[in-house]
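First the structure, in the form of structure tokens, and then the observations on it.
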Amino acid sequence: MTTVGIRLVEGLIDRGIEVVFGIPGVHTIELYRGLAKAGDKIRHVTPRHEQGAGFMADGYARVSGKPAAAFVITGPGLTNTLTAMAQARADSVPLLVVSGLGRSDTLGKGLGRLHELPDQGAMVATLCHTETVTDPKKLGEVLDRAFAAMTSGRPGPAHIQISTNMMGQPCSALPSPVVGSSTVPLPLGRLRSVATALNNAERVVILAGGGTRGAEDELRKLAEMLDAPVVLTANARGAMHGHRLAVPASPSLNTVRNLIAAADQVLAIGTELGPTDYDVYAKGGVPDLSGMIRIDICADQLARHPAKMPIKADAGPMMAALLPMILPANREGARRAEATRTTARAELDGLHPALPGQLDIVEAIRDAMPGAIIVGDSTQPVYAANLYYDHDRPRGWFNAATGYGALGFAPGAAVGAAIAAPGTPVVCLIGDGGLQFSPGELRTAVDEKLPITYVVWNNAGFREIAEALEQAKVPEIIGCDPSPLDMEHFAMACDMLFAQVPPDPAALAEILATPQDGPRFLEVQVR
Ligand SMILES: Cc1ncc(C[n+]2csc(CCOP(=O)(O)OP(=O)(O)O)c2C)c(N)n1
Ligand SMILES: [Mg+2]
């Protein structure tokens, strides 16, 4: 008999899913029967915790540009995954979580059954689109709606839950997936008025966010035609590496704010204008953007900030449509961008004496491993680089130090990244505190023989938070000194190569440049 569980796996394969990250349980047996039947068509990766499953799928989606899937049990499996779903929501990552659900005749009755929750679907519904499979004949529609929720408009997570008694029901072959059409082209008149506003401006500045991922060519061409500096938020980094017009610096820096304030036309593309990029120090002073042209795929995003021209459109096609209407002009873009880059870098020195050294470490990693993907956690060098750092490839710099900011993101996300880009070296840059949130996921990298280098910034505790408490003049610094792991023993227990280095870029670069086969562990001893 072919069950709902088996058909669901087939339906995922038909929609381009090649890997599932998951932990099985008695509530997902039919899903695993489906995986077993699908053989080579789909790969299963076993994390050590469901939060890791979610973060792995997240890293996979960010690097591949495609939706990714996690299978978890009902109850604790799903609550363990919620943090990863929230991170995916904040960073617009298409993450599908398929979970079990208790027997349908027991739901909401509070019988104390295994993994019971009062109302699992309602719990997820505040976070993302959620679906319950209640009829095998409707399984295809459920999948189509979940994929549409993840990929049409602003990407994000989605959830499908299936009761144990439903998972084993007979289910006939699913119809072919319904594929949504691409975004509706803008009316020509509207495009013309945007182009006219840009052509008439003397000093254009582009603000590029994560919505420009995958449209790096269009972004570069548009910037070149407009001769406009491009400010790249953390989720847009990696676009326009080394380009004369790139400003890979945070709009929280005064220097970058001055560049924006001096523009007579701001063009914001695929950026939510959120405080973790635009006002990370919560000091206010974000330049007035009400005169901007704003392109965003999400109508309610557009409603959140006043703009002269709010345009609901997909970034790539919109930029491509604008290009032939832009008149080439000299706006001294390269001079303005270079001056901003130089001053931004200098501004770091004044913000905190340790920042330039931390940034040197990230640049040393990039230069020792060209083309590598750096997946960051919430640790000091990652904060430094989110302020100012030019990564050398698109989709190669992302982290949880921004947006939702879930500590412990990087070990799982690095696994997903490495699986999505076979042969590409991946660096997981993480603190000693963050490492202890998700240490188990390093073993997943060993199981899967992935070329991940764990660069662990060991400053013995939650240093960034300790500094925040100090600055706030809290009379005693409490809770910031969890003892770090003995890294060498830990790496040995994981069966990984291990080395120790001082926080010296040259020493780190030397070790990183040695070829690598499988995962390895580098402890940067900060103190
Ligand atoms: C899930 C979660 N819990 C708590 C925090 C708050 N937090 C942010 S950074 C941090 C300290 C991280 O320590 P470590 O990884 O050692 O990095 P360091 O600041 O020392 O470089 C904490 C506790 C968070 N971001 N996410
Ligand atoms: Mg630390």
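The values are calculated or read from the model by the stated rules, or taken from the named source; none is laboratory data. Worth saying up front: this structure is predicted, and the values here are computed from it rather than measured. Every residue, glycine among them, receives a Cβ derived from its backbone with ideal geometry; neighbour counts consider all protein chains shown.
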Kindly list the number of the only condition in (1) in a strand (DSSP E or B); (2) within 16 Å of ligand 2 (Cβ to nearest atom) that fails for Pro484.
-> (1)
Scan region 438-458 and give yes if some residue there is surrounded by fewer than 24 Cβ atoms within 10 Å (Cβ to Cβ), outside any strand (DSSP E or B), at positive phi and not acidic (Asp, Glu), otherwise no.
-> yes
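Table: residues versus (1) more than 23 Å from Asp217 (Cβ to Cβ); (2) in contact with a strand residue (DSSP E or B) (Cβ under 9 Å, 6 or more places away or on another chain).
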site: Ser252; (1), (2): yes, no
site: Thr255; (1), (2): yes, yes
site: Asp300; (1), (2): yes, no
site: Ala313; (1), (2): no, yes
Have a look at Glu202, Glu216, Glu224 and point out the one that is touching a Leu at 6+ places or on another chain (Cβ under 8 Å) and under 22 Å from Met325 (Cβ atoms).
-> Glu224
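Could you please let me know if Ala68 is under 24 Å from Val133 (Cα atoms) and touching a strand residue (DSSP E or B) at 6+ places or on another chain (Cβ under 9 Å)?
Spelling it out, Ala68 is indeed under 24 Å from Val133 (Cα atoms) and touching a strand residue (DSSP E or B) at 6+ places or on another chain (Cβ under 9 Å).
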Can you spot a residue in region 204-221 that is at negative phi, loosely packed, with under 15 Cβ neighbours inside 10 Å and of a type outside the set (Val, Ile, Thr)?
-> yes
Pairs, first over 25 Å from Ala513 (Cα atoms) and aromatic (Phe, Trp, Tyr) in region 436-462, second modelled with pLDDT of 95 or more and within 16 Å of ligand 2 (Cβ to nearest atom), C-beta under 6 Å, six or more apart | Phe437/Leu407; Phe437/Gly408; Phe462/Gly433; Phe462/Cys480
Out of region 330-365, which residues are of a type outside the set (Lys, Arg), assigned to a loop (DSSP other than H, G, I, E, B) and surrounded by 17 or more Cβ atoms within 10 Å (Cβ to Cβ)?
-> Ala354
For region 468-487, indicate whether the set of residues that are at pLDDT 95 or above, surrounded by 22 or more Cβ atoms within 10 Å (Cβ to Cβ) and within 11 Å of ligand 1 (Cβ to nearest atom) is non-empty.
-> no
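Has region 377-389 got at least one residue that is of a type in the set (S, T, N, Q), assigned to a helix (DSSP H, G or I), in contact (Cβ under 8 Å) with a residue 60 or more places away in the chain and out of contact with any His (no Cβ under 7 Å at 6 or more places or on another chain)?
Looking for residues that are of a type in the set (S, T, N, Q), assigned to a helix (DSSP H, G or I), in contact (Cβ under 8 Å) with a residue 60 or more places away in the chain and out of contact with any His (no Cβ under 7 Å at 6 or more places or on another chain), one finds at least one in region 377-389, hence yes.
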Considering every residue within region 419-432, establish whether at least one is farther than 30 Å from Thr271 by Cβ, within 14 Å of ligand 2 (Cβ to nearest atom) and either touching a residue at least 12 places away in the same chain (Cβ under 8 Å) or surrounded by 16 or more Cβ atoms within 10 Å (Cβ to Cβ) (or both).
-> yes
Only one of these conditions is not met by Gly403: (1) farther than 29 Å from Ala493 by Cα; (2) touching a residue at least 60 places away in the same chain (Cβ under 8 Å); (3) more than 15 Å from ligand 1 (Cβ to nearest atom). Which number is it?
-> (3)
